[in-house]
Amino acid sequence: MMLRVIYLALAMLGAWFPLGVFYGVLSTGVNQENLIAAWYLSNMGAQNLASGGILVMPIAALALLVWLISETYVRKNWVALWAVPATVLLGVSCGLPLFLFLRTRPIH
């Protein structure tokens, strides 16, 4: 039950940051031109879009680490814990595939 609450809280944080950033960009007017301009022009808030993306990655990494550790504990597949330093040092794009690779190995 507690694990579900943690996942829900992380999902809410994962939604809050991007929505807040896009709201700030689109507050100048909701149209396609403003959104496209925001991606390319710093005076329209491109820095806000970039910082919003940067804030989302630690939330994704934290969610992966919570799942990785809880799943490893349940399955007793301790080798899969190699994905923890991979996630922390290299990122979710390395840690998640590595964990899935290690998780699918036969356990004896």
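The values are calculated or read from the model by the stated rules, or taken from the named source; none is laboratory data. All values derive from a computational prediction rather than experimental measurement. Ideal geometry is used to build each Cβ from the backbone, glycine not excepted, and the neighbour counts take in all protein chains shown.
Annotation: of all residues in segment 59-108 being polar (S, T, N, Q) and crowded, with 16+ Cβ neighbours inside 10 Å, the one that is modelled with the lowest pLDDT is ASN77.
Inside segment 80-98, residues that are of a type in the set (A, V, I, L, M, F, W, C) and within 17 Å of PRO58 (Cα to Cα) make up a count of 9.
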